[in-house]
1. Under a 5 Å amide H to amide H cut-off, with H placed in plane at 1.01 Å, what residues pair with ALA75 once short-range neighbours are removed?
2. Between ALA103 and VAL44, how high is the FRET efficiency from 1/(1 + (r/R0)^6) when r is the Cβ-Cβ distance and R₀ = 41 Å? Nearest 0.05.
3. So between PHE80 and ARG114, what do we pick up on full extension, going 0.36 nm a residue minus the alpha carbon distance?
4. Sticking with the crude label model, points 7 Å out along Cα→Cβ, report the distance from MET27 to GLU121 in nm, one decimal please.
5. Tell me the carbon and sulfur percent of the accessible area for the stretch 79-120, rounded to whole percent, probe radius 1.4 Å.
6. Equivalent-ellipsoid semi-axes (√(5λ), Cα gyration tensor) for the stretch 85-124, whole Å, largest first?
7. I'd like the accessible area for LYS77, computed on protein heavy atoms only with a 1.4 Å probe and all protein chains in place. Round to 10 Å², please.
8. Rolling a 1.4 angstrom probe over the protein heavy atoms, how many square angstrom per residue are accessible across the stretch 56-122?
Amino acid sequence: LQEWAKEMELAYGNEFFDEVIAQTVRMRYKEMLGSGRSDVQDIVVTGNRSLEGVRYLSERFMPGTINDRPNHVLAVKAGFDMLLQRFRERGRRTGDATISNEAFRLLTDGERSRGVDDIFEHADYVIINDGDRDMFRDESINFFETELSLVRNSDIRDGWQIERTNHEGFVQRLR
C-alpha cells in the first residue's frame, strides 16, 4: 500500500489522497441530501496526520462550499506510554500486541516527521487523552455537547450532528 501511495502521489501530486477524500466527502454529502435527509449539516474527517492535509481539506470545505458551517480542527493528543498501550491493545496487525518501545517510537517519530505536531500547534481544539477510555469518552462527549453544541444522532452509529448555532470567531484551545 505504501508503494502504491507513493506512486499515486508522484503521478498526481502530494495532495492526491486529500483530494480523493474531498471528492468522496462531497459525493457522500450530496447522496445523503439527495436521499431526502434534512438533518445532514456537518462533515467530520478523521485521521489526517499532516497540517498540509488538514489545511487542504479545510480550504475545500470553507463555509459556502457545501454548507455554511465554519471549519474546526480538533486534535487528540496522548503521551507516548498511553499511545503505546492503546496500540498494543488494538492489535490490528500481527506483532502489534508485542511491539517494543523502540519500534513503536520509530512509528511515532515517522508521524512526527510528517508534521503531526504542527496539527497540535494549529488546532482550534486539543483534547489531552491520558486517562482511561471511559474518562476520555465522557470528557469528549461533554466537550462536543457544551463547546461545539453537538448532539448524538441516533440514526448514525457513533455519529454526531451539530445543532445550528453560530460559532463564528469562537476559538478555544484546550490544554
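The values are calculated or read from the model by the stated rules, or taken from the named source; none is laboratory data. Note that the coordinates shown come from a computational prediction; the quantities given were computed from them, not determined experimentally. All Cβ positions, glycine included, derive from the backbone under ideal geometry; neighbour counts span all protein chains shown. When the accessible area is computed, the model is the full protein with side chains, heavy atoms only, and any ligands, DNA or RNA have been set aside. Shrake-Rupley method; radii C 1.70, N 1.55, O 1.52, S 1.80 Å.
1. TYR125, VAL126, ILE127
2. 0.85
3. Additional length available on full extension: 10.5 nm.
4. Modelled inter-label distance: 3.6 nm.
5. Values: 1430 of 2870 Å².
Ligands and nucleic acids excluded, carbon and sulfur reach 50 percent.
6. After scaling each eigenvalue by five and taking roots: 24, 12, 7 Å.
7. Rounded to the nearest 10, that gives 80 Å².
8. 64
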